[in-house]
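Student: Mind having a look at this structure? Questions to follow.
Here, each number is a calculation from the coordinates, and none is a lab measurement. Source: prediction; values computed, not measured. All Cβ positions, glycine included, derive from the backbone under ideal geometry; neighbour counts span all protein chains shown.
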């Protein structure tokens, strides 16, 4: 049986973090771009980026006084494979006997 990565699901369940991931899927962005595109405050964006970075969903690249963020698709690919395995489950195993 496939076991879902609950921590990644919890991170992506937040609407702002999900939006950040969507934006980073298209291009590398710095915090100032994400503030502009989402309308969220810089401190809020930075906190969400820290959580995403700690989970391995995004990585950073310093560029002068700015830090650019890019999506690391490996965690999302693993989560996608877990969800696909569950979606393909048939649930046709015999009923388990009650004690």
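Student: Can you give the angle from 0 to 90° between the axis of helix 15-26 and the longest principal axis of the chain, with both taken from C-alpha atoms, to the nearest 10?
Tutor: 70 degrees
Student: Once the Cβ-Cβ distance between residue 70 and residue 14 is put in as r, and R0 is 25 Å, what FRET efficiency do you end up with, to the nearest 0.05?
Tutor: 0.80
Student: Would you kindly state how much longer the chain becomes between residue 7 and residue 85 on full extension, computed as 0.36 nm times their sequence separation minus their alpha carbon distance, in nm to one decimal?
Tutor: That works out to 26.3 nm of additional length.
Student: In percent, what relative contact order does the chain have, based on Cα pairs under 8 Å that are 6 or more apart in sequence?
Tutor: After rounding, I find 30 percent.
Student: What is the distance, in nm, between label points placed 7 Å from the Cα along the Cα-to-Cβ direction at residue 60 and at residue 98?
Tutor: Calculated label separation equals 5.5 nm.
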